[in-house]
Structure formats: C-alpha cells, structure tokens
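Sending over a structure as structure tokens; questions will come in a sec.
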Amino acid sequence: MTDAQATLASDLLRLHRDPELLTVVNVWDVISAKVVSDISGTKALATASHSIAASRGYQDGENIPVEEMIEEVRRIAAATSRPVTADLEGGYGDAVETIRKAIGVGVVGANLEDRMKPLVEAAAQVEAVMATVEAEGIPDFVLNARTDAFIRAGDRTPADVLADAVERGRAFLDAGAPAVFVPGILDEVQIATLVDAFGPQRLTTIGLPGTPPLARQAELGVARVSFGPMSQRVALTALARLVEAVHEGGGVPEDMRPLN
C-alpha cells in the first residue's frame, strides 16, 4: 500500500483517539460521499452497507455480492481525500479476504459484525484481520469490531445483554481491534459501563432516536458516533416529501443544494 494510504489510516486512528467526538454521517454512493465530504467539519467518511445494498436493489444482510460492495466502496474512496472506513457486514464469508480487497481499493478502516458467533471464533477473526492489515502495510487500520449483543438481544435481560457486550468488546480489543462498535438504543448508564470496560475513546455507538445527545456521549468518553442507514432514510424522506408537495401542487424548496 502507498504511504498516503498508511497516513490516512493513522489520521483515522488519531480521530478515534482524540477526546473530541468523531461523528461520521454514512454515505452510500459517490454523490452522497461528495456532499458529506464537502461539509465543513467532516473529518472522515463511513459507508453504510445497508444503504449501498438498498441503492443496488438488495436486501440488507450480505445479499449484495461482495464484488458489488467493494466496487461501490472503491468509487466512494476515490471521490474524497478524507479517510474512508467501510461497513463490510460480517465479511461476506471470508472476512480476511474482504478486508484485503477493501484495503486494495483505498479503505483505511472497516466495520465487521460478530453476528453473535461463538466468542472464541469471533475474537480469532478479529485477530486474523489485524494480522492481515499489518501484513498489508496498514498497521493503523481502524477495525471497528462490532458486537450484535443488543440488536440480537432476543428475550435476554438488559443486564445479560450488557454483560455480553462488555465481554465480547473486551475480547475484540484484546485481539487487537482499535475500537468496538455496539449498535443499539443505548442509555447513558449502558454507555458509561461500556466506556469503563473498554477505556475512553474505544467505543463506537450509532445515532438513533432516543440515544443520548452527542455532547453527552463525548463527555462519557465515546470515540465515535455513526449513523448507519439513517442518513439515506433522511434523504429518502426528503424525496418523499417533495413528491407529496408536487402532488399537492407545490414544487421544489428554495433552499435546495446545487449538484456537485
């Protein structure tokens, strides 16, 4: 890999380690990447696998062929000078090879789901990925190791779910992951417990209705907040409202953005 890509990885890792909260509003194609990248305050880009799949007519959950996902990620990475981290779901059957392909198209970080596999297996996958990124010349690659403890909670008690997230996150950090992603509607106590278990600037959360404000998450020591498919849903909501306005005899809003 190029020195420039290694530098981008180091920049992305530093952004996670800084006390200032890193926010990434997820993108799904070149035009969304350009819009987000051009907004003042944007420091890095993150793709949303759900949104990329939806834009290409696939259901979420690794239904999109890995080649199509990597190609869209490549186009996004080529459209910006900022660090790009890619949501690569569970690795599409071969997490190590998928991460290697992503590095090959310019990515310097990735989300990787554990899907609540046996912990030994999930931690071994994290360890294998981190060995691969080192071998690929990107030692500061930001693997955002995701545990699905909350979103696959089933009928378990909240205390048991939180304990699972703590145990799995610690195991992923011990396996070399720089950050742990715990998606779900987390409250302040749960976030504080996770930060205490992982250390400050190690936890990534997702911005959902009902989660604590960004400023409060920053105070609690969260490293990063991403928004997954929410950004695409917001865009599609604006499109639907335009259609409704047109059907009612109206038109486009006067404050719309120009195309890049």
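Values quoted throughout were computed directly from the atomic coordinates according to the rules given, and no laboratory measurement underlies them. The model shown is predicted, which means the values in this text are computed figures rather than measured ones. Every residue, glycine among them, receives a Cβ derived from its backbone with ideal geometry; neighbour counts consider all protein chains shown.
Do you know which residues across region 11-27 are within 17 Å of the chain's Cα centre (by Cα), touching a residue at least 24 places away in the same chain (Cβ under 8 Å) and not in a strand (DSSP E or B)? Give the derivation first.
Filtering region 11-27 down to residues within 17 Å of the chain's Cα centre (by Cα) leaves 11-17, 21-27.
Filter once more, so that each one left must be touching a residue at least 24 places away in the same chain (Cβ under 8 Å): 11-13, 15-17, 21-27.
Listed by number, the residues that qualify are Asp11, Leu12, Leu13, Leu15, His16, Arg17, Leu21, Val25, Asn26.
Something else now. Within the set of pairs 6 or more residues apart or between chains, which connect a residue that is touching a residue at least 60 places away in the same chain (Cβ under 8 Å) inside region 227-243 to a residue that is assigned to a helix (DSSP H, G or I) with Cβ atoms less than 7 Å apart?
Gly228/His50; Pro229/His50; Pro229/Ser51; Gln232/Ser51; Gln232/Ala54
Separate question: With the condition kept exactly as written, say whether any residue in region 96-110 is closer than 18 Å to Ala4 by Cβ and surrounded by fewer than 19 Cβ atoms within 10 Å (Cβ to Cβ). Break it down stepwise before answering.
Of region 96-110, the ones closer than 18 Å to Ala4 by Cβ are 102-109.
Among the residues that remain, those that are also surrounded by fewer than 19 Cβ atoms within 10 Å (Cβ to Cβ) are: 104-105.
Within region 96-110 (the criterion being closer than 18 Å to Ala4 by Cβ and surrounded by fewer than 19 Cβ atoms within 10 Å (Cβ to Cβ)), the answer is yes, since at least one residue qualifies.
Still on this model: Inspect region 215-228 for any residue being surrounded by 14 or more Cβ atoms within 10 Å (Cβ to Cβ), touching a Lys or Arg at 6+ places or on another chain (Cβ under 7 Å) and within 18 Å of Ala46 (Cα to Cα) and give the result as yes or no.
Among the residues of region 215-228, at least one is surrounded by 14 or more Cβ atoms within 10 Å (Cβ to Cβ), touching a Lys or Arg at 6+ places or on another chain (Cβ under 7 Å) and within 18 Å of Ala46 (Cα to Cα), which makes the answer yes.
Does region 28-47 contain at least one residue that is touching a helix residue (DSSP H, G or I) at 6+ places or on another chain (Cβ under 7 Å), hydrophobic (A, V, I, L, M, F, W, C), farther than 13 Å from Thr85 by Cα and in a helix (DSSP H, G or I)?
Restricting attention to region 28-47, the residues satisfying the condition of being touching a helix residue (DSSP H, G or I) at 6+ places or on another chain (Cβ under 7 Å) are 28-30, 33, 42-45, 47.
Filter once more, keeping what is hydrophobic (A, V, I, L, M, F, W, C): 28, 30, 33, 44-45.
Checking which are farther than 13 Å from Thr85 by Cα leaves us with 30.
After this cut, where a residue has to be in a helix (DSSP H, G or I) as well, the list is 30.
Checked region 28-47: at least one residue is touching a helix residue (DSSP H, G or I) at 6+ places or on another chain (Cβ under 7 Å), hydrophobic (A, V, I, L, M, F, W, C), farther than 13 Å from Thr85 by Cα and in a helix (DSSP H, G or I).
Another question, if that's okay. Being over 23 Å from Val25 (Cβ atoms), β-branched (Val, Ile, Thr) and in contact with a Ser or Thr (Cβ under 6 Å, 6 or more places away or on another chain) is the filter here; which residues of region 67-98 pass it?
Hit for region 67-98 is Val96, nothing else.
Now a separate question. Determine, yes or no, whether Thr204 is surrounded by 14 or more Cβ atoms within 10 Å (Cβ to Cβ), within 30 Å of Val129 (Cα to Cα) and either touching a residue at least 40 places away in the same chain (Cβ under 8 Å) or touching a Lys or Arg at 6+ places or on another chain (Cβ under 7 Å) (or both). So that I can check it myself, show each step before the final result.
On the way: surrounded by 14 or more Cβ atoms within 10 Å (Cβ to Cβ): yes; within 30 Å of Val129 (Cα to Cα): yes; either touching a residue at least 40 places away in the same chain (Cβ under 8 Å) or touching a Lys or Arg at 6+ places or on another chain (Cβ under 7 Å) (or both): yes.
When the stated conditions are applied, Thr204 passes them.
For region 86-98, which residues satisfy the criterion of being without any contact (Cβ under 8 Å) to a residue 40 or more places away in the chain, in contact with a Leu (Cβ under 9 Å, 6 or more places away or on another chain) and not hydroxyl-bearing (Ser, Thr, Tyr)? I'd like the intermediate steps shown before the answer.
Let us first name the residues in region 86-98 that are without any contact (Cβ under 8 Å) to a residue 40 or more places away in the chain, namely 88, 90-98.
With the extra rule that they be in contact with a Leu (Cβ under 9 Å, 6 or more places away or on another chain), the set shrinks to 88, 90-91, 95, 98.
Listed by number, the residues that qualify are Leu88, Gly90, Gly91, Ala95.
Further question on the same structure: Kindly provide the set of residues from region 170-219 that are β-branched (Val, Ile, Thr), under 20 Å from Asp87 (Cβ atoms) and in contact with a Leu (Cβ under 8 Å, 6 or more places away or on another chain), ordered by number. Break it down stepwise before answering.
Pass one, region 170-219, residues β-branched (Val, Ile, Thr): 180, 182, 185, 189, 191, 193, 195, 204-206, 211.
So of that shortlist, the ones also under 20 Å from Asp87 (Cβ atoms) come out as 180, 182, 185, 204-206, 211.
Within region 170-219, Val180, Val182, Ile185, Thr205, Thr211 meet the criteria.
Among residues belonging to region 106-129 that are more than 17 Å from the chain's Cα centre (by Cα) and among the hydrophobic types (A, V, I, L, M, F, W, C), point out the one that is farthest from Ala48 (Cα to Cα). Give the steps one after another, and end with the answer.
Filtering region 106-129 for residues more than 17 Å from the chain's Cα centre (by Cα) gives 116-125, 127-128.
Subset that is among the hydrophobic types (A, V, I, L, M, F, W, C): 116, 119-120, 122-124, 128.
Details: Met116: 20, Leu119: 25, Val120: 27, Ala122: 21, Ala123: 23, Ala124: 25, Ala128: 23 Å.
Result: Val120.
Could you count how many residues in region 101-131 are farther than 13 Å from Ala175 by Cα and part of a helix (DSSP H, G or I)?
Within region 101-131, residues that are farther than 13 Å from Ala175 by Cα and part of a helix (DSSP H, G or I) number 4.
Between a first residue in region 64-85 that is over 26 Å from Val180 (Cα atoms) and a second residue that is of a type in the set (A, V, I, L, M) and crowded, with 18+ Cβ neighbours inside 10 Å, which pairs have beta carbons less than 7 Å apart while being 6 or more apart in sequence or on different chains?
Pairs that qualify, where the first residue is over 26 Å from Val180 (Cα atoms) and the partner is of a type in the set (A, V, I, L, M) and crowded, with 18+ Cβ neighbours inside 10 Å, are Ala79/Ala33.
Looking at (1) surrounded by fewer than 24 Cβ atoms within 10 Å (Cβ to Cβ); (2) in contact with a strand residue (DSSP E or B) (Cβ under 8 Å, 6 or more places away or on another chain); (3) not hydrophobic (A, V, I, L, M, F, W, C), can you tell me which one Ser49 breaks?
In the conditions (1) surrounded by fewer than 24 Cβ atoms within 10 Å (Cβ to Cβ); (2) in contact with a strand residue (DSSP E or B) (Cβ under 8 Å, 6 or more places away or on another chain); (3) not hydrophobic (A, V, I, L, M, F, W, C), Ser49 misses (1) alone.
So how many residues does region 131-156 have that are free of Cβ contacts under 8 Å to residues at least 24 places away in the same chain and on the phi > 0 side of the Ramachandran plot?
Residues flagged as free of Cβ contacts under 8 Å to residues at least 24 places away in the same chain and on the phi > 0 side of the Ramachandran plot within region 131-156 amount to 1.
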